[in-house]
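The values are calculated or read from the model by the stated rules, or taken from the named source; none is laboratory data. Predicted, not measured: the structure shown is a model, and the values here were computed from it. Every residue, glycine as well, gets a Cβ built from its backbone with ideal geometry; the counts of neighbours run over all protein chains shown. Note: areas computed on protein heavy atoms with side chains; ligands, DNA, RNA excluded. Shrake-Rupley method; radii C 1.70, N 1.55, O 1.52, S 1.80 Å.
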Amino acid sequence: MQIDDFWKALHENSVYETPPDVHRNLYGRLLSGRLDCFYYADVTHVVFSANRCARHGQFDRLTWARHGLRMLQAAERAGGRARFSGFDNIAKARLPVVYTSNHMSVVDTTILPAALLGFGDVATVVKESLMTYPLFGRVMRATDPISVTRRDAREDLKLVMTRGEAFLRAGRSVLIFPQATREPGFNPSEFNSLGVKLARNAGVQVVPIALKTDFQGIGKRFRDFGPLNRDSLMHFQVGLPMAVEGNGRATHEAVV
């Protein structure tokens, strides 16, 4: 499957599901749960490819989406299954928008943009430390994200509002994960209203996204290299676009 086929499924059917006959690697069939390192080797190969494109100044929107799709396909080859649904709701929105989503695993930042980029350019809000990761850091910088320190909430808010509004005025949607960190569950009290505040200030709609991506767990020693849960469906569900009214409190509650 190529990126155009993936986008076509989301535009025409609003749904993409991992085909039942998808090719699985030998380790995905026989070594499930034992040698997850083969999956991470597959992912690392994708990162190397993306890094090479970024190093040569060739990491544009289409290249970003293609590598995100390759991340999805690496998960599918390892025995993972995915479902993307509700993407017709993006077509109902007045783009650009603020996408606001819960955050469960590294899959969210590597795979979700591949789907959203089929509907227009996107800027992600990411933690600053990702920009210095070996190999992956160059890729993140090439996407021109909004990086926050997570040390000074006031300064982070000012940065997101300033850069976020500039991106939105230029026609680029913004993807925000309002939780402080990746969590295997969902705690509403930790899901802040940053996305709604940005949408209100910029005069755009907010589009909520609910994720269940614990296929790739959080590692005990290295958070980005956790065990794979092949029985857990990766689900990306887009909700209806919402206009922010008043102080945004009711909209935030609806998003949650």
Hey, what angle do you get for helix 61-77 against the long axis of the chain, alpha-carbon based, 0 to 90 degrees rounded to 10? 50
Angle between the Cα long axis of helix 107-116 and the longest principal axis of the chain, 0 to 90 degrees, nearest 10? 70
Taking the full set of protein chains and a 1.4 angstrom probe, give the accessible area of Ile3 in square angstrom, rounded to the nearest 10. 10
Among Gln73, Val160, Thr132, pick out the residue whose Cα is farthest towards the positive end of the charge dipole of the chain, where Lys and Arg carry +1 and Asp and Glu carry -1 on C-beta, about the Cα centre. Thr132
Report D for region 1-141 in µm² per second (integer): Stokes-Einstein, Kirkwood Rh on Cα pairs, 37 °C, 0.692 mPa s. 204
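Give me the percent of DSSP beta bridges within the chain that run antiparallel, rounded to the nearest 5.
On the way: 8 of 25 bridges.
Bridges in the chain that DSSP calls antiparallel: roughly 30 percent.
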Sorted largest first, the Cα spans of the chain on the principal axes come out in Å as 55, 38, 37
If each of Gln179 and Leu135 carries a label point 7 Å out from its Cα toward its Cβ, how far apart are those two points in nm? 2.6
Where the only charges are on Cβ atoms (+1 Lys, Arg; -1 Asp, Glu), what is the dipole of region 1-157 about its Cα centre, to the nearest 20 debye? 320
Suppose we flag chymotrypsin sites (Phe, Trp or Tyr not before Pro) only when DSSP calls them loop and at most 15 other Cβ atoms lie within 10 Å. Which is the longest uninterrupted stretch of the chain? 1-185
Does region 46-101 come out rounded, prolate or oblate by the C-alpha gyration tensor, with a ≥ b ≥ c the root eigenvalues, rounded set by a/c under 1.5 and, if not, prolate when a/b is larger than b/c and oblate if not? oblate
On C-alpha positions alone, give me the angle between the axis of helix 153-169 and the longest principal axis of the chain, in degrees, nearest 10. 90
Could you sort His235, His45 by their accessible area in this structure, using a 1.4 Å probe and putting the largest first? His45, His235
Could you check the spin-label model distance between Arg61 and Asp144? Points 7 Å from the Cα along Cα→Cβ, value in nm. 1.1
Identify all aspartates and glutamates with a Cα-Cα distance to Lys212 below 16 Å; exclude those on the same chain that are fewer than 8 residues away in sequence. Glu17, Glu76, Asp108, Glu183, Asp231
With an 8 Å Cα cut-off and a minimum separation of 6 or more residues, compute the relative contact order for the chain in percent. 25
Log entry: pair-distance distribution for region 126-210, C-alpha pairs binned every 10 Å from zero, whole % per bin is 16, 46, 35, 4
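Per residue, how much accessible surface does region 98-248 expose to a 1.4 Å probe? Answer in Å², no decimals.
44
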Taking a cut-off of 19 Å between Cα atoms, list the lysines near Lys92, but don't count ones fewer than 8 places away on the same chain. Lys8
Gyration tensor on Cα atoms of region 77-161, a ≥ b ≥ c root eigenvalues, a/c under 1.5 rounded, else prolate if a/b beats b/c, else oblate, says oblate
Work out, step by step, the length gained on full extension between Arg83 and Gln2: first 0.36 nm times the residue separation, then minus their alpha carbon distance; give nm to one decimal. 27.5 nm
